[in-house]
Every structure is written in structure tokens, then in C-alpha cells.
Amino acid sequence: MAPFQTLTVKLARSVALSEYTKHLEFEVVAGPCFGFVPGQWLSLKQNKPDGEEITRAYSIASPPDGNRFALCLNRVQDGFMSGYLCGLQVGTEISAQGPFGNFILRPPLRDTIFIATGTGIAPYRFMLQWLFADPSRHRGKRFWLVFGSRFEKDIYYHDEYLRLAAEHKNFEYLPTLSQAGPEWKGLRGYVQEHVAGLANGRTDRHAYICGLDKMVSANRELLKSLGWDRKATLYEKYD
């Protein structure tokens, strides 16, 4: 695990993923080389106009790239930090600390179901890129990504996962929409409605669940009801 660090970072790139969601790439400008492992997060700090310090945690949505990293976040209504970050201008500096967290790939590697909604997709972007960067890492195990959104426009990094699935026969990408329009050809409904079929009576797999509490709880209870050991299910809640 990489050591905890206090960093000064500057925004290098800002990309709108949807009306309320941004992909933000930061570069470390002060401090040692920033290392982290797939699934970890860091905290960003900023002072409000009245001087109050606000700290918020965000999962890292990219593999290490020199001294750069990426975040994926929503602009939350009345949320100071998310509004500040979504409006941040390229070149602006901010304080960060990390990496933190144990929502990471656990040995021994097994066939694995990754479950996410919304920006809960962020840690899987690094995990899956890391796994498939070298055949010795995934070792032919099977992986499924079940990604739930309301609308098609909110399927973040969609083209990346389509490409990954096309390149690797042992990876299946399953976006599902709860409010899909008539033109949508993919899965419909909530993620937990599709997880049971993937579990397929097997209890020797891992599941990773990331998103809001209601979704996380629903999938944990589902897998428990299917006989899965709690230790085989890892999760991270965003609320």
C-alpha cells in the first residue's frame, strides 16, 4: 500500500461527462511522487468564503500516470466542494491528502462481479485497466461490470468499457438503465435485477459494490440470500 501524503495539486484537464458530472485530471505540483493502488481514494480540502474548511473524499478514477490522477464526481445540489470542483479552472491549485481506503482487489483473484451506479464507476476504471494491462494479472478469470444509470447520457466511460469488452473475451460489460428510452437496446432495470443471474448459483466468486447506500445494501442482501460469504463481498458507499 502506498504511504499517506499531503499534496498540492493543480487541475490539468476538465471534461464534462454529463450535465452534472465531471472527469477531472490533476497533477501533483508539490510533494513526493504520488502512488496509489486500484480502488483507493483521496480527500480534497478547500476553504469556504467564511473561512470554514471543507474536506471531501473522492475515488481515484485512473491508473498512475507520472504525477497525475483523475476523479469522477457529480455536482451535488447545495454541495460546496462538488460545485467548487466542477467550476474549477485549469491551472488552479488545491490541497489533497491520501491515498486512503481498502476497497481494493483482494487475493486470491477469483471470477468477479463489479457492481456500480453513477460515479461509483470511478474505482473500477483503474481496477479493470490494471487487470487487463497484463495477462498475468487477470490470468483468464472472468469479470462482469454491471453499471446502472437512469439515462443513457449518464453512462460514464461507456466507450472505454465497450472497447475493453471487445478486446477481452473474459470481460462482459452490462450497462443497465432504470429509465431507458424506447431506442435503448441494452439491459433495463436496476443493477440487482441482473446480479442474481450472474451469480448463477456460484459462491466462489468475488463481488465489489460501489455507489449509494440503498443500492449497496440491496446487492449485499441479495448476495447473502444466494449463500455468498460476506467476506467475498466488498463495498464502498458514497453517502
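Every residue, every condition in (1) out of contact with any helix residue (DSSP H, G or I) (no Cβ under 7 Å at 6 or more places or on another chain); (2) more than 19 Å from residue 207 (Cβ to Cβ); (3) open to solvent by less than 40 Å² (accessible area, probe 1.4 Å); (4) not basic (Lys, Arg), yes or no:
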position: 122; (1), (2), (3), (4): yes, no, yes, yes
position: 135; (1), (2), (3), (4): yes, yes, no, yes
position: 147; (1), (2), (3), (4): no, no, yes, yes
position: 154; (1), (2), (3), (4): yes, yes, yes, yes
position: 165; (1), (2), (3), (4): yes, no, yes, yes
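May I ask you to list the residues in segment 186-213 that are hydroxyl-bearing (Ser, Thr, Tyr) and closer than 14 Å to residue 112 by Cα?
Kept after step one, since they are hydroxyl-bearing (Ser, Thr, Tyr), are these residues of segment 186-213: 190, 203, 208.
Hits for segment 186-213 are 203, 208.
Among the listed residues 37, 28, which satisfies the condition of being crowded, with 17+ Cβ neighbours inside 10 Å, under 17 Å from the mean Cα position of the chain (by Cα), modelled with pLDDT under 95 and among the β-branched types (Val, Ile, Thr)? Give the steps one after another, and end with the answer.
On the way: 28 fails: under 17 Å from the mean Cα position of the chain (by Cα).
When all the criteria are applied, what remains is 37.
For (1) under 28 Å from residue 74 (Cβ atoms); (2) crowded, with 17+ Cβ neighbours inside 10 Å, each residue gets a yes or a no:
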site	(1), (2)
172	yes, no
175	yes, yes
182	yes, no
185	yes, no
192	yes, yes
197	no, no
202	no, no
214	yes, no
238	yes, yes
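Looking at segment 86-95, can you tell me whether even one residue there is under 24 Å from residue 196 (Cβ atoms), open to solvent by less than 40 Å² (accessible area, probe 1.4 Å) and of a type in the set (A, V, I, L, M)? Can you show your working first?
So the first thing to find is which residues in segment 86-95 are under 24 Å from residue 196 (Cβ atoms), and the list is none.
No: zero hits.
The values are calculated or read from the model by the stated rules, or taken from the named source; none is laboratory data. Because the structure is a prediction, the values reported are computed rather than measured. Don't worry about glycine lacking a Cβ; one is built from the backbone with ideal geometry, like all the others, and counts go over all protein chains shown. Side chains are part of the model used for accessible areas, which takes the heavy atoms of the whole protein and leaves out ligands, DNA and RNA. Shrake-Rupley method; radii C 1.70, N 1.55, O 1.52, S 1.80 Å.
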